[in-house]
Amino acid sequence: MKRIIALAILVSIYSSTISQNQQNKWVIGVSGSFVNFGDSGINSIGERYNFQVPKINVARYLFAGFSLDAGVTVSGIDELDGFFTNSFNYFSVDGNLRYDFNLSDENLVPYIAIGGSIIGAPSTINGSVATNSYNFSFGGTFWVTHRWGLNAQATYKSVPEEYQSMKTHTQLSVGVVYSFSPRVLVYRLWDGRRAR
């Protein structure tokens with residue numbers, strides 16, 4: 001039971017890399033994600049929904065609001081009693097170029113990203129092979145403290161039609177991010193500090 005509770009907590013944690021700036025170049029996180037294959041997934045790969053824990057991302061700020069992001073998604077658990085059961089272990093290696101509209105120094109940092117993935121072959125299809133996808137993402141990070149933030153992201157993974165091993169799908173992620181260097185936060189009403 002303790003393991004199930006620990007895994008449930010991990011699902012709510014997400015590590016994507018979000019909103020760095022010139023002083024805070026490196027961000028890392030751990031996350032849980034949810035993939036929706038839609039109706040076509042049921043017919044082709046035998047599953048509509050798949051849950052993954054963990055999803056790990058590392059990102060580095062480049063310049064002018066652009067960052068490079070690399071991530072790995074692994075299905076660390078196959079099922080959680082009364083919540084979900086995966087038909088196969090989802091595995092993905094992702095790379096993205098992200099743009100945050102030059103809002104890297106704000107407390108709330110929205111962003112868009114383009115990139116690609118290599119997605120592991122599902123065990124539900126005989127003879128399946130790893131496939132690639134072209135990705136478009138959007139999301140945002142809310143920095144709660146100088147080092148910790150909350151992140152949410154949606155990614156549309158477009159798989160070329162010639163591949164039979166995987167279908168186009170959407171991946172949703174939620175979790176936390178960590179900045180290796182402390183960030184300077186913009187004053188917020190609930191900080192309890194008065195401007196002097």
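The values are calculated or read from the model by the stated rules, or taken from the named source; none is laboratory data. Fair warning: this is a prediction, and the values are worked out from it, not measured in the lab. Methodologically, a virtual Cβ is constructed for each residue, glycine included, from the backbone with ideal geometry; neighbour enumeration extends over all protein chains shown.
Quick notes on this one:
- Unique residue being at pLDDT below 90 and under 20 Å from E161 (Cα atoms) when the list is I114, I119, I125, I77: I125
- Residue, surrounded by the most Cβ atoms within 10 Å (Cβ to Cβ), within the stretch 130-159, restricted to residues that are small (G, A, S) and under 16 Å from T73 (Cα atoms): S133
- Tally of residues being of a type outside the set (S, T, Y) and free of Cβ contacts under 8 Å to residues at least 24 places away in the same chain across the stretch 79-130: 6
- Residue that is part of a loop (DSSP other than H, G, I, E, B), crowded, with 20+ Cβ neighbours inside 10 Å and out of contact with any helix residue (DSSP H, G or I) (no Cβ under 9 Å at 6 or more places or on another chain), where the choices are S87, S104, S92, S117: S104
- T141 falls short on exactly one of the conditions (1) in contact with an Asp or Glu (Cβ under 9 Å, 6 or more places away or on another chain); (2) part of a strand (DSSP E or B); (3) under 21 Å from F37 (Cβ atoms); (4) among the polar types (S, T, N, Q), and that condition is (3).
- Some residue of the stretch 50-62 being in a strand (DSSP E or B), more than 25 Å from W148 (Cα to Cα) and in contact with an Asp or Glu (Cβ under 9 Å, 6 or more places away or on another chain): no
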